[in-house]
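Asks: Starting off with a structure, shown below.
The values are calculated or read from the model by the stated rules, or taken from the named source; none is laboratory data. Bear in mind the structure is a predicted one, so any value in this text is a computation, not a measurement. All Cβ positions, even for glycine, are placed from backbone atoms using ideal geometry, and neighbour counts span all protein chains on display. For the accessible areas, the whole protein counts, side chains as well, though only heavy atoms, and no ligand, DNA or RNA atoms are used. Shrake-Rupley method; radii C 1.70, N 1.55, O 1.52, S 1.80 Å.
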Amino acid sequence: EAGVAQSPRYKIIEKRQSVAFWCNPISGHATLYWYQQILGQGPKLLIQFQNNGVVDDSQLPKDRFSAERLKGVDSTLKIQPAKLEDSAVYLCASSFGGGSYEQYFGPGTRLTVT
Amino acid sequence: ELKVEQNPLFLSMQEGKNYTIYCNYSTTSDRLYWYRQDPGKSLESLFVLLSNGAVKQEGRLMASLDTKARLSTLHITAAVHDLSATYFCAVMNYGGSQGNLIFGKGTKLSVKP
């Protein structure tokens, strides 16, 4: 079974530029999560989708971050404009269902904002 | 608001020694996960603990959960270099509509010969 795929793996941009990350979850997984992991910290949930609907985006900085999952499969996370403090690893995870189902994590995208 | 605290944050061990990582959380939950993360890699699930008194073991690692004390432990027996990694506990938070994971800051374990 293929795991969660993410691209790109690394990205370096200057502040005020925009960037987008892509995630393809495990086949059949209805729930998709985006996490932000700042160096030296644990992952923090940014947004959770159930199929193509948003379940929780309470910690997403909506003035600069956006995410979509149009067909209930792939998802993109966008940052526009980026700030220095957005430098982090962005992890995508998926699960069969929400809540108590186990989450499987992708390899992450390491973003550096200079 | 659910908070998760791990200690220690850094742990340097000698091979062959035993040690315990602690994970405390602030509000009631019935589900706790332990993950391992190697440098530059993603999170690998180690254990899922679902009930009070749950104990799971895999190789040199053993995890336990005390929901009354809101405490989980990850015990390392006779450490070997291959166990060097960062270990995270994550607690299920049911404050949202479907629940989400709240992670601790992680414990960076270094096992030296």
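Asks: Each residue of region A:49-64 in turn: what ³J(HN,Hα) in whole Hz from Karplus with 6.51, -1.76, 1.60 and θ = phi - 60°, glycine and Pro shown as x?
Replies: Coupling constants for region A:49-64: 10, 10, 6, 9, x, 7, 9, 8, 9, 5, 10, 8, x, 6, 6, 9 Hz.
Asks: Does any residue of region B:49-98 lose at least 40 Å² of accessible area with all protein chains in place compared with its chain alone, and if so which ones (probe 1.4 Å)?
Replies: Residues passing the criterion (a loss of at least 40 Å², heavy atoms only) are B:98.
Asks: Another one. With all protein chains present, how much of the accessible area of the protein assembly as shown (probe radius 1.4 Å) comes from carbon and sulfur, to the nearest whole percent?
Replies: Answer for the protein assembly as shown is 50 percent, counting heavy atoms of protein chains only.
Asks: Give the residue from B:91, B:47, B:107 lying farthest towards the positive end of the charge dipole for region B:17-113; charges sit on Cβ (+1 for Lys and Arg, -1 for Asp and Glu) and the dipole is referred to the Cα centre.
Replies: B:107
Asks: OK, next. Relative contact order (percent) for region B:1-45, with alpha-carbon contacts under 8 angstrom and 6 or more residues of separation?
Replies: That works out to 36 percent.
Asks: Probe of 1.4 angstrom, ligands and nucleic acids ignored: what's the accessible area per residue over chain B, in square angstrom?
Replies: Accessible area per residue, chain B: 50 Å².
Asks: For chain B, what is the charge dipole size about the Cα centre, in debye to the nearest 20, if Lys and Arg each add +1 at the Cβ and Asp and Glu each add -1 at the Cβ?
Replies: For chain B, the charge dipole is close to 120 debye.
Asks: Classify region A:6-105 as rounded, prolate or oblate, taking a ≥ b ≥ c as the square roots of the eigenvalues of its Cα gyration tensor: rounded when a/c is under 1.5, otherwise prolate if a/b is larger than b/c and oblate if not.
Replies: prolate
Asks: Leaving out ligands, DNA and RNA, calculate the buried accessible area for the pair B and A with a 1.4 Å probe, summed over both sides, in Å² to the nearest 100.
Replies: Between B and A, the summed buried area is about 1600 Å².
Asks: Another question, then. Quick check on region B:1-52: take the gyration tensor over C-alpha atoms, sort the square-rooted eigenvalues as a ≥ b ≥ c, and tell me if it's rounded (a/c under 1.5), prolate or oblate.
Replies: prolate
Asks: Calculate the length of the line joining the C-alpha centroid of region B:71-110 to that of region A:41-69, in whole Å.
Replies: A separation of 22 Å, based on Cα centres.
Asks: Counting only other chains, and only Cβ atoms inside 10 Å, what mean value do you get across the residues of A:43-52?
Replies: Neighbouring Cβ atoms belonging to other protein chains average 3 per residue here.
Asks: Under 23 Å Cα-Cα from residue B:17, which lysines qualify once same-chain neighbours fewer than 8 residues away are excluded?
Replies: Once the sequence-local lysines are set aside, what remains near residue B:17 is B:56, B:108, B:112.
Asks: Given +1 on the Cβ of Lys and Arg, -1 on the Cβ of Asp and Glu, and no further charges, what dipole in debye does the protein assembly as shown carry about its Cα centre, rounded to the nearest 20?
Replies: So the magnitude is around 440 debye.
Asks: Tally Lys/Arg at +1 and Asp/Glu at -1 over every other residue whose Cβ is under 13 Å from the Cβ of residue A:17; what's the total?
Replies: So the environment of residue A:17 carries a net charge of +4.
Asks: Contact order normalised by length for region B:11-113, with contacts defined as Cα pairs under 8 Å and 6 or more residues apart; what percent is it?
Replies: The normalised contact order for region B:11-113 reaches 35 percent.
Asks: Just to be sure I follow the definition: excluding the sites themselves, where is the longest run in chain B that has none of the GluC sites (Glu not before Pro) in a DSSP loop with at most 15 other Cβ atoms within 10 Å?
Replies: B:16-113
Asks: With the contact rule set at Cα under 8 Å and sequence spacing of 6 or more, what percent relative contact order holds for region A:13-56?
Replies: Computed value for region A:13-56: 27 percent relative contact order.
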